[in-house]
1. Can you give me the ranges of the helices (runs of 4 or more DSSP H) entirely in the stretch 98-187 with at least 3 residues that are under 27 Å from residue 40 (Cα atoms)?
2. Of everything in the stretch 15-47, what is touching a strand residue (DSSP E or B) at 6+ places or on another chain (Cβ under 9 Å), within 30 Å of residue 162 (Cβ to Cβ) and in a loop (DSSP other than H, G, I, E, B)? Give them in sequence order.
3. Residue check: is residue 12 at pLDDT 95 or above, closer than 18 Å to residue 94 by Cα, in contact with a strand residue (DSSP E or B) (Cβ under 6 Å, 6 or more places away or on another chain) and exposed (fewer than 15 other Cβ atoms within 10 Å of the Cβ)?
4. Conditions first: (1) surrounded by 11 or more Cβ atoms within 10 Å (Cβ to Cβ); (2) within 21 Å of the chain's Cα centre (by Cα); (3) more than 30 Å from residue 203 (Cβ to Cβ). Residue 102 passes all but one, so which condition is the exception?
5. Could you list, in sequence order, all residues of the stretch 71-82 that are free of Cβ contacts under 8 Å to residues at least 12 places away in the same chain and under 18 Å from residue 35 (Cβ atoms)?
6. Of the residues that make up the stretch 88-100, is at least one in contact with a helix residue (DSSP H, G or I) (Cβ under 9 Å, 6 or more places away or on another chain), free of Cβ contacts under 8 Å to residues at least 60 places away in the same chain and not assigned by TED's automatic domain parsing to the domain that holds residue 162?
């Protein structure tokens with residue numbers, strides 16, 4: 001169950017390409033830029049301690065540079081520690097997705113947005129389950145992907161992980177393009193997120209080509 005947190009109409013946003021936060025998941029972040037240090041300092045003064053993670057729409061320098069996707073996920077700062085040189089290591093715990101209504105004009109060095117929380121009530125409820133999840137088939141596919149990428153994991157522990165923790169953790173940590181991360185974020189349910197994840201893994205196994213999966 002997501003902790004009960006008051007959901008304000010405006011929140012600071014951290015537009016970090018490729019960084020995905022999902023409800024009830026945890027995202028470690030390294031904060032060192034002055035504007036985001038200021039954001040963290042202001043955030044810690046608020047009762048909710050929320051920061052919105054949202055994907056930029058395009059790469060820096062493109063015609064859409066600066067625009068944000070309409071859906072992000074807010075996380076509560078649940079852990080933080082300061083280094084000797086003034087940087088911070090923080091952990092965000094995902095509270096709820098939100099929809100950006102508009103960006104505010106402020107004097108702060110970081111960005112703030114007006115947001116809406118309706119439509120994402122399930123994010124603030126109990127842990128989701130995926131009744132159609134074929135765990136054996138999924139783990140077999142994942143093992144092939146890890147072999148391709150030269151990755152390793154504790155397969156026994158992973159196999160015992162709850163549906164939501166497994167699917168959401170993989171969605172957050174695997175190296176997909178920012179637009180793919182956005183698709184995983186916007187998936188309306190755990191089942192559709194798992195289906196999207198499978199599609200992305202299969203695409204990688206095909207070498208990014210629309211042809212039969214490599215054997």
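The values are calculated or read from the model by the stated rules, or taken from the named source; none is laboratory data. Treat the numbers as computed from the prediction; the structure is a model and nothing was measured. Virtual Cβ from ideal backbone geometry, glycine too; neighbours counted across all protein chains shown.
1. In the stretch 98-187, 163-173, 178-186 are the helices (runs of 4 or more DSSP H) which contain 3 or more residues that are under 27 Å from residue 40 (Cα atoms).
2. Once the filter is applied, which keeps residues that are touching a strand residue (DSSP E or B) at 6+ places or on another chain (Cβ under 9 Å), within 30 Å of residue 162 (Cβ to Cβ) and in a loop (DSSP other than H, G, I, E, B), the stretch 15-47 yields 16, 17, 19, 20, 21, 22, 23, 24, 25.
3. No, not satisfied.
4. (1)
5. The answer is 82, and nothing else.
6. yes
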